[in-house]
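Values in this text are rule-based calculations from the coordinates and carry no lab data. Computed from a predicted model, the values in this text were never measured in an experiment. Heads up, the Cβs are rebuilt from the backbone with ideal geometry, glycines too, and the neighbour counts pull from every protein chain shown.
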Amino acid sequence: MTDDNVRIFDTTLRDGEQAPGCTMTFEEKLTVARQLARLGVDIIEAGFPVASPGDWAAVHQIAREVGTPSGPVICALAHANRDAIDKAATAIQPAARKRIHVFISTSDTHIEYQLRSTREAVLEKAREMVRYARSLCDDIEFSPMDATRSEPEYMYRVLAAAIEEGATTLNIPDTVGYAAPEEYAELIQGIRENVPGADGVIISTHCHDDLGMAVANSLAGVRAGARQIECTINGIGERAGNASLEEVVMALHTRSQFFGTRSRINTHELARSSRLVSTIIGVPVPPNKAIVGANAFAHESGIHQDGVLKNRETYEIMSAETVGLDGNLLVLGKHSGRHALRNRIESLGYELGEEDFQQVFARFKDLCDRKKTVDDRDIEALIADETQHIPEIYKLEHVQVTSGTGVTPVATVRLRCPDGEARIDSDHGTGPVDAIYKAINRVVQRPTELTEFAINAITEGLDAVAEVTVRIREQGAVDTAEAQRRGPQVYSGYGVNTDTLVAAAEAYVGALNKLVAARQERIKVEAVAYAAGYEKSAAL
């Protein structure tokens, strides 16, 4: 079955979030889901509800809020298990358009060592579970996990059974990133030619990037007749990640004549989507990243610059504006007012409520006192910092550092604590940042491990705004069933300031607040999930 456009199935909130360090809170998942709807994705795979009450609750709320009649299809993943399918069905129930995605492994390696089963048993299980899922939902996607290492004739039988039992989409995962583009195209073509009923369903790609070929394989699948691509923002995902949404979308957009099709994505939202996900998970986008990297539309070579100045098409196959980047940075300064800033924010594609805008404006005016000029990159950094909506459980009020050659770095901090009291403490460290973080830990009294620290200069010059991203992991016992199942989680923090040390302190406090809020949220969400229909089972 084909149609005029390739459906974009975004799994940032499911496969992407499974990547180490990419965990999102309940509110962050909702924020990303809203942006995915603005981006115009066809399907949002919102999570894996059986994994935990927290996952179920997030999928349920996304289905309720984002799954409108004019919005995307809301999909939930379930392995071939009745309990998993039941939880997927109840989680997506509020959505106007919903889908259950059922998977089971079909490679001999997985069948023997992971499932400890047989081919015939897996075939019957797939048939039974697709039939059961179809009794609960009209839109069923089926995936033979590790498809690219499965024996084709056997996989054809499993796919045919899934179609017979009501599957409407067949997803063909390159689960371990093993295939080359020619092989993957042959696999899709073989399914179209050898599986009875394949011409009546959508065939989908789901490619991992272990060998760096996820995007190439996905596009090869489209050339072979696939009409759905499963992908993630910035290509995040387990191990080396998934096919990058922005890359497959712009390949289809730029080379639509070659591929004979395109997507329905609003490409002007690509850069914004990339920045949002990067900020939330604390994983910076590499500057050389295709489409959304800082250097994607930069030209330093004299020959290139000469050509671009004469005609941009000499070295650019697409425009920065097409993906939501403004090629002409507007400079604002301390004399710019609210109206000018709001207009600029809106032209960048952001919609801020009055409270968020006032906070950004206050930070903007403060920044103008420190910098002569403020450009779009500074403004977007302020927006990202102010609109994360991380609860201010601890608020950084003061940080002071003594450091230098031959001097032991010492930091003093003052934090406003949850009980309303301001606490001051000091500590020394191997460097100024280490001293700051040790001082903060003395106030908070919560053992954590710093797993990543990154500094990025937003703009050029000595007065550049510093963007600091940190990731921390909680040490010690976990206090909920979900936390025990998931193990230690990694939380990111983000700080923006012209003073790098202040930005570092803000980022660390932000990560701590996210950690504390996540613990509180887990307890609350578990209660809400059980009250709303999530039933505990032996599988948990």
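Observations on the structure shown:
- HN-Hα J in Hz across the range 72-81 - Karplus 6.51, -1.76, 1.60, θ = phi - 60°, x for Gly and Pro: x, 5, 9, 10, 10, 8, 8, 6, 6, 8
- Net dipole in debye of the chain [+1 Lys, Arg Cβ; -1 Asp, Glu Cβ; about Cα centre; nearest 20]: 820 debye
- Relative to the longest principal axis of the Cα atoms of the chain, the long axis of helix 181-194 lies at roughly 40 degrees.
- For the range 91-97, putting each phi into the Karplus relation 6.51 cos²θ - 1.76 cosθ + 1.60 with θ = phi - 60° gives couplings of 5, 8, 3, x, 6, 5, 10 Hz, in residue order, rounded to whole numbers and with x for Gly and Pro.
- The chymotrypsin sites (Phe, Trp or Tyr not before Pro) found in the range 1-99 include none that occupy coil by DSSP while having at most 11 further C-beta atoms within 10 Å.
- Dipole of the chain computed with +1 at Lys/Arg Cβ and -1 at Asp/Glu Cβ about the Cα centre; of 448, 171, 222, farthest Cα towards the positive end is 448.
- Pairwise label distance in nanometres, residue 295 with residue 151, each label 7 Å out on the Cα-Cβ vector: 4.8 nm
- C-alpha center-to-center spacing [the range 157-223, the range 8-82] in angstrom: 22 Å
- Remark: the range 140-151, residue by residue, has Karplus-estimated 3J(HN,Hα) of 10, 9, 10, 10, x, 4, 6, 4, 6, 10, 8, 5 Hz, where x stands for each Gly or Pro and the curve is 6.51 cos²θ - 1.76 cosθ + 1.60 at θ = phi - 60°.
- Per-pair calculated FRET efficiency, R0 = 30 Å: residue 321 and residue 70 via Cβ, rounded to 0.05: 0.70
- Counting neighbouring beta carbons within 10 Å and listing from fewest to most, the residues 334, 125 come out as 334, 125.
- C-alpha long axis of helix 432-444 to longest principal axis of the chain, angle in °: 80 degrees
- Neighbour counting of Cβ atoms within 10 Å sorts the residues 419, 15, fewest neighbours leading, into 419, 15.
- Kirkwood estimate for the chain, i.e. one over the average of 1/r between Cα atoms, Å: 24.8 Å
- Contact order normalised by residue count of the range 7-281, Cα under 8 Å, 6+ apart, percent: 19 percent
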